[in-house]
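Here is the structure we will look at, set down as structure tokens.
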Amino acid sequence: GYFMVPPETKDQTPYAYTYLDGAIALTSNVKNLEDAKEIIKFCATPEFGTIFAGITYNIPAVVGAEIPPDPLLEEVLDVYNNNASPWVYWVGSVFTTQKPSLYDDVLSPGMQALYAGQLTPEGLSQMAQDAISQWYPPLMNK
């Protein structure tokens, strides 16, 4: 079975660290751009998510995908659905606790701006560099 680490006190909510990974991308010099775009689109479908879950026994990141009938995987999926940590980085990570927070103050709003075409990758990289340089000793003098 699976169990979450109990919180320090009874009044705290236990969280499970969950992370849905999957990075599929195109390079700038892809030879068959239209075919490659179709493959990327397919990777966002429930059909692909079901295939992925059936091969890897991982929880798929695609809404509507089905997982294989496995009691442990079903138990973990239930924990994920009901007790997932709201933080990308685990509690106590300097990336969330330091200010400015790389996650809350830079990546969360910055990625949205990047996807909306309001910010370039270089601009987001500079925002991250500027934020971390305020508190991360190896970068403070650069």
Quiz prompt | Restricting the stretch 23-48 to residues that are surrounded by 11 or more Cβ atoms within 10 Å (Cβ to Cβ) and either β-branched (Val, Ile, Thr) or in contact (Cβ under 8 Å) with a residue 40 or more places away in the chain (or both), the residue that is nearest to residue 68 (Cα to Cα) | solution = 45
Exercise. Only residues in the stretch 49-68 that are in a loop (DSSP other than H, G, I, E, B) count as the first member; pair them with residues that are at pLDDT below 95 and basic (Lys, Arg), Cβ under 7 angstrom, at least 6 apart or cross-chain, and list the lot.
Key: none
Quiz prompt | One residue from 107, 124, 73 being in contact (Cβ under 8 Å) with a residue 12 or more places away in the chain, part of a helix (DSSP H, G or I), touching a Phe, Trp or Tyr at 6+ places or on another chain (Cβ under 9 Å) and not assigned by TED's automatic domain parsing to the domain that holds residue 16 | solution = 107
Self-check item: Qualifying position, being β-branched (Val, Ile, Thr), at pLDDT below 85 and not assigned by TED's automatic domain parsing to the domain that holds residue 132, among 30, 79, 5
Solution: 5
Practice problem: Go through the residues of the stretch 66-77 one by one and say whether even a single one is over 18 Å from the mean Cα position of the chain (by Cα) and more than 21 Å from residue 3 (Cα to Cα). | Solution: yes
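The values are calculated or read from the model by the stated rules, or taken from the named source; none is laboratory data. For clarity, every value in this text was computed on a predicted model and none was experimentally measured. Quick reminder, even Gly has a Cβ in these numbers, built from the backbone with ideal geometry, and neighbours come from all protein chains shown.
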